[in-house]
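The values are calculated or read from the model by the stated rules, or taken from the named source; none is laboratory data. What you are looking at is a predicted structure, and each value in this text was computed from that prediction instead of being measured. FYI the Cβ positions are ideal-geometry reconstructions off the backbone, even for glycines, and counts take in every protein chain you see.
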Amino acid sequence: MADGEHRAVRGAADGSSSGISGEFVRGATAFRDWVSADGSSGYRAEPNRYHLYVSYACPWASRAVIVRRLKGLEGAISMSVVDPLRDERGWRFGETQEKGPAPSEGLPGVGPDPIAGFQFLSEAYRATDPNFAGHVSVPVLWDTETGRAVNNESAEIIRMLGSEFDAFAERPELDLYPAELADEIDGINERVYAEVNNGVYRAGFASSQEAYEDAFDRLFEALDWLEDLLSERRYLAGDRITEADWRLFTTLVRFDPVYHNHFRCNLRKLVEYPHLYGYTRDLYQQPGIAETVVLDQIKRHYYMTHDRLNPSRIVPKGPDQDLSGEHRRDLVGAAA
C-alpha cells in the first residue's frame, strides 16, 4: 500500500464500509505473488535476484526498508529510492529528464533506476502488466530474472523478507512473526491498520466533515488504547519486538511532523502520550533504524505533493523532535 492519492471517495449509497459520504477508501494493491524459500510459489528466494523499489517518505515502504535492515538482507536484496516528490505521473527516479517539476537533488539514496533504467515507477508496473491503469504505489518487490513486479503489498513483502530469505540473511534467527504470538499480532495489526496507519489518511483525505470526524475520533480512541497497552508492556505483543511494532512505528514517527498539522489530526501530539512517545524513541534507537527515518524526504513529500491540502507547498521547519532522548521503556512491563 502507498500513501498519497491512492483513494476513492465514496458516498452512503455505494457500499462503503461506514456509509459516510466523503470517506477516504484505500484501493487494492495490484501484484500479490509470493517469493518462497523452496520456490513452490513460483518464485524462489535467491540472493541478488530481487530488488526493492521504495520511498523513504512513504510509511508503507518504510516497513520494508526496516525489515530488510533488521534481517541483514542488504547484501542479498538490492534497493532503489524514488524521489519524494511525485505528480500525476506518480513516483519517479532521480535525474528524470522529462518535463515537469524539477526533481529533488542531493537526497540520500535517491538516484536513477539501476535495474531497468526506468524513469518512472509506473514503467515497472506496465512492464509487469501492459494493461495496468491503476495507482502506482511503493514498495515494490521486483524480480530481475523475469523482469516483473512480484508484489506491491507492504504487509506481504515484510512477511517474505522476515522469513523466506533466511538462508541469505545476516540475522536469520530474528523472527518478527513468532508462531506463538501470531494471533495476537494479527489482532493488533488489524486495529492499528484500520484506525491508525490508514486512520490518519481517512482523516487527512476526507472530503466531508462527517467523514473527517469519524476518522479523527477512531484514530484518537486507538491511540488512547495503545497508550494504555504500552503502560503495561514494553512492546505491543509483550517484551519482544514484532512486526506489529514496526507497522505502527512508521506512522508514529510521522505523526507530529506531518499528520498532526497536514492531516488535521490535532487533538493531541505524540509527545503528549508519555508511553507512546517513549515507545517511539525506543524503536527509533534500535540499531540501524534511525538511518531509515529521513524526515527531510518525509516532509518534502507530504507538504509538496498534496496540493489540495497545502497549495503553497511550503514545508514547515518544525517540529523539534528529539527521538534520541531517554525512553526508559526497559522499566515497563515484562522487562522491568
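Here ASN131 clears all of (1) out of contact with any helix residue (DSSP H, G or I) (no Cβ under 9 Å at 6 or more places or on another chain); (2) surrounded by fewer than 18 Cβ atoms within 10 Å (Cβ to Cβ); (3) assigned to a helix (DSSP H, G or I) except the condition numbered (3). Taking the listed residues ALA167, ALA124, ALA149, the one that is surrounded by fewer than 16 Cβ atoms within 10 Å (Cβ to Cβ) and either touching a Cys at 6+ places or on another chain (Cβ under 7 Å) or of a type outside the set (Lys, Arg) (or both) is ALA167, with no other qualifying.
Is it the case that region 46-62 has a residue that's at pLDDT 95 or above, in contact with a Pro (Cβ under 8 Å, 6 or more places away or on another chain) and assigned to a helix (DSSP H, G or I)?
From region 46-62, those at pLDDT 95 or above are 46-62; that's our starting set.
Keeping just the survivors that are in contact with a Pro (Cβ under 8 Å, 6 or more places away or on another chain) gives 52-58, 60-61.
Checking which are assigned to a helix (DSSP H, G or I) leaves us with 60-61.
Yes.
Among the residues of region 22-45, those that are out of contact with any Lys or Arg (no Cβ under 8 Å at 6 or more places or on another chain) and polar (S, T, N, Q) comprise THR29, SER40, SER41. Selection of region 129-145 for residues being without any contact (Cβ under 8 Å) to a residue 12 or more places away in the chain and either of a type in the set (Lys, Arg) or over 20 Å from ARG26 (Cα atoms) (or both) yields PRO130, ASN131. What are the residues in region 296-336 that are surrounded by 16 or more Cβ atoms within 10 Å (Cβ to Cβ) and of a type in the set (A, V, I, L, M), if any? The answer is ILE298, MET304, LEU323, VAL332. Annotation: of all residues in region 217-237 being assigned to a loop (DSSP other than H, G, I, E, B) and of a type in the set (Lys, Arg), the one that is nearest to LEU331 (Cα to Cα) is ARG234. Restricting LEU85, LEU73 to residues that are among the aliphatic types (A, V, I, L, M), over 17 Å from GLY288 (Cα atoms) and either surrounded by 17 or more Cβ atoms within 10 Å (Cβ to Cβ) or over 18 Å from the mean Cα position of the chain (by Cα) (or both) narrows the list to LEU85.
I need the full set of residues from region 54-80 which are closer than 21 Å to PHE120 by Cβ and touching a Phe, Trp or Tyr at 6+ places or on another chain (Cβ under 6 Å), in order please. Within region 54-80, just SER80 meets the criteria. Of all positions in region 214-223, at least one carries a residue that is touching a residue at least 60 places away in the same chain (Cβ under 8 Å), of a type outside the set (Ser, Thr, Tyr) and either closer than 21 Å to ASN261 by Cα or in contact with a helix residue (DSSP H, G or I) (Cβ under 6 Å, 6 or more places away or on another chain) (or both).
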